[in-house]
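Coordinate-derived values only; no laboratory data. Given the structure is predicted, the values throughout are model-derived calculations rather than measurements. Note: ideal-geometry Cβ built from the backbone for every residue, glycine included; neighbour counts use all protein chains shown.
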Amino acid sequence: MPDSFDIIVVGGGHAGTEAAAAAARMGARTALVSMRRDMIGAMSCNPAIGGLGKGHLVREVDACDGLIGRAADHAAIHYRMLNASKGAAVQGPRVQADRRRYRDAIHALLAELPTLTIVEGEAAALLFDVKDARKVTGLTLADGRALAAGAVVLATGTFLNARLHFGMRNIAGGRVGEAASVPLAEQLRALDLPIARLKTGTPPRLDGRTIDWAALERQESDVDPWTMSPLGAGRVTPQLFCAISRTTPETHAIIRNGLDRSPLYAGVIEGQGPRYCPSIEDKVVRFGDRDGHQIFLEPEGLDTHLVYPNGISTSLPEDVQDALVRSIPGLARAVIVQPGYAVEYDHVDPRALDSRLAVRGVTGLFLAGQINGTTGYEEAAAQGLVAGMSAAAEVAGHAPMRFARTESYIGVMVDDLVLHGVTEPYRMLTARAEYRLRLRADNAPARLTGAAIAAGIVGPERRAWFAAREAERARLAEATADRVSADRMADAGADVSRDGSVRPLVEWLRFPGVGRDALLTLAPGLADIPADILDEFRTDAHYAPYLARQEDEIRRLRADEAVGVPVDLDYQGIAGLSNEMVERLSRARPETIGAASRVRGITPAALAAILVHVRRRAA
């Protein structure tokens, strides 16, 4: 008899660990299957977490009691708030992490989950019900072991049928030193899932002792003591500086002269790479008018000399890499410890999934992470959370927690993926969110933690923290409801006109001349409220008029979202839809009229025709 679990998660990366943790926190008996136990939680590329858009995802996963934020703080050796000079809605928290400490933190957090079992082995094939060839019942491992489960989450990263490219030489593998997952990839193709190839890459790793740091611009860690997660001990590691350099015309000439030996330009690599994080070859070819591209030299840890040169991802031959690195200011004597390389791998068109990240037409199968055509730890972690929660809810017979695009960046990403698919690795950007004024990194708990508690995914420590936080917010709301005159505001130090106006104190917070000091002068009883809660409340007040207008839009949108569309709807049978519309709708399979409205090329007239057809069918 096979070992039996409620949920099996395949993959020890960010998607897999978040999926396994989410399912286990919901009480599901969960198996996390990884080829190597010691590589669970390993950071394949740059050991950095967060950034523009990505930092929002980290805070949202953390608000649902995920792992990534707490592990990032445990390992962080450099904190930097991107876009700090801009509005709170587009600021991006980012940390550089110690690679070993991050992995250790993930192992420690997983060890706290009593219903989670780690299984070391290679996932060879899905098991299916003998009476239903499209109902998943478990997994077999390469060594012959069988694991039974009510649902399986595949979070295989870049390992499906993967090849590593080092110049014109290529080998099978998901990353250096680790094998590709070939049998599982073949089985997914046999299920007739829409599968294509994508490509990602990594730069050469440098020996930091051979870098001329004195010749480079230093970038210190932020002094402001913010963290990725409110839980934990705060900043617990020494902070290191990063440095900035640039490529030169000489660098670009070296790259152009080596393009005939680049697998990317010789046609060896078929998969499309990420537009927003291209290889240095791509940058030089696509932006031929640029005389330089910025490079961030980022340490990989406290106990290693390895440095990650962020901005020169490449699959050029090693001798070309050596020459281009040494042409960069500060790197004339730099030694490459590990050459850069590209990874080409299979992914499933995410339009084959529903909003739970479940595969349509295959019961009990969920996909998360790069297998869905995304790039980055943060996107993977957020999908792992969704897939793990959804799988656990399905096995338990409960409705899953849904992430609306109006309430979360997680919802934006899932909606984008399942409706539009991908033509390149998908990366989260703040520009993807229509309602980003309300979707700030600082207010993720206010938006999501209550719903996560209701879904049964939040542990006791975060529940207690959230209850205390909500009590503080209520105290703020009560204390700022009193009406205050313009004269009193000015007397308190606010830069406002003495025009005789009187308004609630919370409304005065919308004015740019009203700062924290003026607020505390008029409401000294709030001085003990934590600074992050006070700042979030002030930002809420500042954005309030804009948020009110957005809320009206969202109410109208929700009316459309409430009208469901049958997943088996025959769009060819609806008069007035073009062939292109029929094709796009049939591939996207929107679950609601609101989702159908976001499919590219669908006109208002087409939506009206679909709505009439849906209502006739329901009658």
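Can you give me the orientation-averaged projected area of the convex hull built on the Cα atoms of segment 562-618, in nm²?
So the Cα hull casts an average projection of 3.3 nm².
Using +1 at the C-beta of Lys and Arg and -1 at the C-beta of Asp and Glu, which of Ala606, Val582, Leu569 has the Cα lying farthest in the positive direction of the dipole of segment 562-618?
Ala606
Report, please, the projected area of segment 332-434 averaged over directions, based on the convex hull of its C-alpha atoms, in nm².
Numbers: hull surface 36.4 nm².
Spelled out: convex hull of the Cα atoms, projected over all directions, averaged, 9.1 nm².
Which whole DSSP H helices in the chain pass both tests: a Cα extent of 27 Å or more along the axis and a mean Kyte-Doolittle value no lower than 0.5?
Membrane-span-like by this criterion, though nothing is claimed about a membrane: 377-396.
Could you pull out the GluC sites (Glu not before Pro) across segment 89-156 that fall in loop regions by DSSP (anything but H, G, I, E, B) with no more than 14 other Cβ atoms inside 10 Å?
Glu112
Work out the FRET efficiency for Arg463 and Asp528 from their Cβ-Cβ distance, taking R0 = 35 Å, and round it to the nearest 0.05.
Efficiency computed from Cβ-Cβ geometry: 0.95.
Across every pair of different alpha-carbon atoms, what Kirkwood hydrodynamic radius in Å does segment 406-460 reach?
The answer is 12.6 Å.
In terms of modelled amide H atoms, which long-range or inter-chain residues lie less than 5 Å from the amide H of Leu316?
Gly167
At 0.36 nm per residue, and after removing the present C-alpha to C-alpha distance, how many nm does the segment from Val182 to Arg134 gain when stretched out fully?
Numbers: separation 48, 0.36 × 48 = 17.28 nm, distance 2.04 nm.
Net length gain for the segment: 15.2 nm.
Among Gly369, Val514, Ala527, flag the residue with its Cα farthest along the positive direction of the charge dipole of the chain, charges on Cβ as +1 for Lys/Arg and -1 for Asp/Glu.
Going by the charge dipole, the pick is Gly369.
Mind jotting down the three principal axis lengths of segment 460-547 based on Cα atoms? Whole angstrom, largest first.
Taking the Cα atoms of segment 460-547, the three principal extents are 50, 28, 18 Å.
If you take the alpha carbon radius of gyration of segment 394-495 and divide it by 2.2 N^0.38 Å, what ratio comes out, to two decimals? List each step's numbers first, then the result.
Numbers: Rg = 19.4 Å, N = 102, 2.2 N^0.38 = 12.8 Å.
Output field value: 1.52.
Under 5 Å between amide hydrogens, which residues at least 5 positions from Ile195 or on another chain qualify, with H placed 1.01 Å from N in the peptide plane?
Asp349
Quick one: if the Förster radius is 41 Å, what FRET efficiency do Ser497 and Ile244 give, using the C-beta to C-beta distance and rounding to 0.05?
The formula returns an efficiency of 0.45 here.
Given the Cα-Cα distance of Asn579 and Glu217 and 0.36 nm per residue of separation, how much length would full extension add, in nm?
124.7 nm
Highest mean first, what order results for 583-589, 547-553 on Cβ atoms within 10 Å?
The most tightly packed comes first, giving 583-589, 547-553.
Can you give the direction-averaged projected area of the convex hull of the alpha-carbon atoms in the chain, in nm²?
Hull-based average projected area comes out at 31.1 nm².
From the P(r) of segment 143-255, can you give the percent of Cα pairs sitting at distances over 23 Å?
62
Separation of segment 27-68 and segment 546-619 by C-alpha centroid, Å?
Rounded to whole Å, the Cα centres lie 34 Å apart.
For the ranges 141-149, 378-386, what's the packing order if you count other beta-carbon atoms within 10 Å of each residue, average per peptide, and put the highest first? Walk me through the numbers before you get to the answer.
On the way: 141-149: 16.0, 378-386: 31.1.
Packing proxy ranking, top to bottom: 378-386, 141-149.
Antiparallel versus total DSSP beta bridges in the chain: what percent is that, nearest 5?
70
Assigning unit charges at the beta carbon (Lys, Arg +1; Asp, Glu -1) and nothing else, what dipole magnitude in debye, to the nearest 20, does segment 21-84 show about its Cα centre? Please list the in-between numbers first.
Values: 8 positive and 5 negative charges, 28 e Å.
Around 140 debye, computed over segment 21-84.
With an 8 Å Cα cut-off and a minimum separation of 6 or more residues, compute the relative contact order for segment 562-618 in percent.
39 percent.
Which far-off residues, 5 or more places away or on another chain, put their amide H under 5 Å from the one on Val337, with H placed in the peptide plane?
Excluding prolines and chain starts, which carry no amide H, the hits are Arg205, Leu206, Asp207.
Exposure proxy check: His420, His165 ranked by fewest other beta carbons within 10 Å?
Details: His420 17, His165 22.
With the fewest neighbours first, His420, His165 line up as His420, His165.
So what is the relative contact order of the chain, in percent, for Cα pairs below 8 Å that sit 6 or more residues apart?
17
For Arg598 and Ile118, what does the FRET efficiency come to when R0 = 60 Å and r is the distance between their Cβ atoms, rounded to the nearest 0.05?
Values: r = 39 Å, r/R0 = 0.65.
Working from the Cβ atoms, E equals 0.95.
Could you tell me the extents of segment 205-342's C-alpha atoms along the three principal axes, largest first, rounded to whole Å?
Computed over segment 205-342, the largest-to-smallest principal extents equal 51, 33, 28 Å.
For labels at Asp482 and Asp289 in the simple 7 Å Cα→Cβ model, what's the distance in nm?
Calculated label separation equals 6.0 nm.
Leaving out same-chain residues fewer than 8 places away, which lysines sit with a Cα under 25 Å from that of Lys283?
Lys54, Lys199
At Arg145 and Glu470, where each label point lies 7 Å from the Cα along Cα→Cβ, what is the point-to-point distance in nanometres?
My value for the distance between the label points is 4.1 nm.
Treating the Cα atoms of segment 81-216 as identical point scatterers in vacuum, please give the log10 of the normalised Debye intensity I(q)/I(0) at q = 0.09, 0.10, 0.14, 0.16 Å⁻¹, two decimals.
-0.49, -0.59, -1.00, -1.14
Could you work out how much longer the chain between Leu82 and Thr423 gets when fully extended? Use 0.36 nm per residue separation minus the Cα distance between them, nm to one decimal.
120.0 nm
If you filter segment 51-128 for trypsin sites (Lys or Arg not before Pro), then keep DSSP loop positions with at most 13 other Cβ within 10 Å, what is left?
Here the trypsin sites (Lys or Arg not before Pro) that fit, given the DSSP loop and packing criteria, are Lys86.
Pop a pseudo-label 7 angstrom from the Cα along the beta-carbon direction at both Arg333 and Ala233 and give the gap in nm to one decimal.
In this crude label model, Arg333 to Ala233 measures out at 3.8 nm.
Fewest first, what order do Leu191, Leu505, Leu164 take by the number of other Cβ atoms within 10 Å?
Ranked by crowding around the Cβ, least crowded first: Leu191, Leu505, Leu164.
Can you list the GluC sites (Glu not before Pro) in segment 155-228 that are in a DSSP coil and have 13 or fewer other beta carbons within 10 angstrom?
Listed in order of number, the matching sites are Glu220.
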